């Protein structure tokens, strides 16, 4: 008994103190995570939140003047929107900003009507290695960077990650760049296992950059993996009706389904504008470009659905592509334009183009590399036209059921074939055709179909080449 009483006395004070600490911690956590039913409740809870705290909304909230959200006290804060809406009501400077290398997690939340006048990112403005992770159902609607960039999201040397997210950016706007999302200076934006819709986003300054949905600059990276993405009816007053990638930046689509439809640019790149050694890539993906229109109609019709400038590269790997009704000034068909000799389009592995394609440019490289077949399909209304030098370096290239025109064609250790399962195929090479490999041509006497090759320059058949006529 003496030993027990002594032990109780010895540990009673620490146990009492520990109990007070537990009660205090429980009170603080409960206060931070209690009923969040007004804008001021939310701002107070958010700013005072400690490390790893969670804040859950219980109502849709409407912004009030003088209550900017700002930055929290702690780090790794989770905001569970519980499918509620934060509506700033167009009161400026109410977003999340000045994070200082901190992290936020957003779950099932919508952001409506945020507005900012003097900086970018009406909803979120991050710099200095800040990080935001989004999951669940996320929406950004009617947000505006009136004087700057990033109508909804703005990242400088920071990261935004969207994982297993159903995401929509609708009717967001910026004055000069990134109507929905702006990324600069080694920022990283990733979308994984998600569904993302960019609809009706805009940039309004015709003398500035553009990129009405996404603007990526200065070695920034934007990646989409295992996702479904749509860019519909977005509009840039200048360049990049949907996407603009600049200064050694990259945008990639992997194992994804991507649609660019009815996007417009006041100048170049109705769907995509890439500049200064930037890269766009599609791998194991399906990409559709339809009814995109750019307004630059002067010779040599620079507009195009995809514009590649100053050494930028576009790569398709093992993907299925469709280009239809993409125009300059609503009159001149143009799918891809290469600005200079350093710009390039590469088809790697096995790719299929289902509706013809028109590639043009002031120089530039178009090539097929690696094993697998590159198949050009089309019809008389949607022929394949490549107004550049086209090199086939391995594998095979096949022209099906259409009239195709190429300026110069070089086939090296590969197979060039024409087939006529539905209609005869005709290949016009206005310059030289150089063949080191195999040429296959179909002639179907029963159907009265025969494939033809017309060469305007020299037809050079080099050693170890083969000619096969299938009847």
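Just so it is clear, none of the values below were taken in a lab; they were calculated from the coordinates. Just so we're clear, the structure is a prediction, and the values are computed from it rather than from any experiment. Don't worry about glycine lacking a Cβ; one is built from the backbone with ideal geometry, like all the others, and counts go over all protein chains shown.
Arrange the peptides 211-218, 169-176 so that the one whose residues have, on average, the most other Cβ atoms within 10 Å appears first. Can you show the working numbers first?
Numbers: 211-218: 29.4, 169-176: 24.9.
Those peptides, ordered most packed to least, come out 211-218, 169-176.
For 99, 334, what's the fewest-to-most ordering of other Cβ within 10 Å of each Cβ?
99, 334
List 47, 159 from most exposed to least, where exposure is judged by having the fewest other Cβ atoms within 10 Å.
Values: 47 14, 159 19.
The most exposed by this proxy come first: 47, 159.
Going by alpha carbons, how many degrees (0 to 90, nearest 10) lie between the helix axis of 39-48 and the longest principal axis of the chain?
Tilt of helix 39-48: around 80 degrees.
Quick one: Cα centre-to-centre distance for segment 55-125 and segment 330-367, in angstrom?
42 Å
Over segment 369-434, what is the percentage of antiparallel beta bridges among all DSSP beta bridges, to the nearest 5?
Working: 1 of 25 bridges.
Antiparallel bridges make up about 5 percent of those DSSP assigns within segment 369-434.
Restricting to segment 291-376, what percent of DSSP beta bridges are antiparallel, rounded to 5?
On the way: 2 of 25 bridges.
For segment 291-376, the DSSP antiparallel bridge percentage is about 10.
Per the helix-only calculation at 222 nm, which mean residue ellipticity applies to the chain, given -39500 (n - 2.57) for every DSSP H run of n ≥ 4 and division by its residues, nearest 500 deg cm²/dmol?
Numbers: 2 runs with 41 residues, N = 471.
The per-residue figure over the chain is -3000 deg cm²/dmol.
Which of the three applies to segment 196-283, rounded, prolate or oblate, going by the alpha-carbon gyration tensor with a ≥ b ≥ c and a/c under 1.5 meaning rounded? Don't jump to the answer; show the numbers that get you there.
Numbers: a/c = 2.19, a/b = 1.18, b/c = 1.85.
Here segment 196-283 falls in the oblate category.
What angle do you read, to the nearest 10 degrees and between 0 and 90, between the alpha-carbon axis of helix 2-32 and the longest principal axis of the chain?
50 degrees
Just to be sure I understand, if you calculate semi-axes √(5λ) of the Cα gyration tensor in Å for this structure, which of (1) 42, 29, 27; (2) 39, 25, 23; (3) 56, 24, 17 do you get?
Recomputing semi-axes √(5λ) of the Cα gyration tensor in Å here gives the entry labelled (3).
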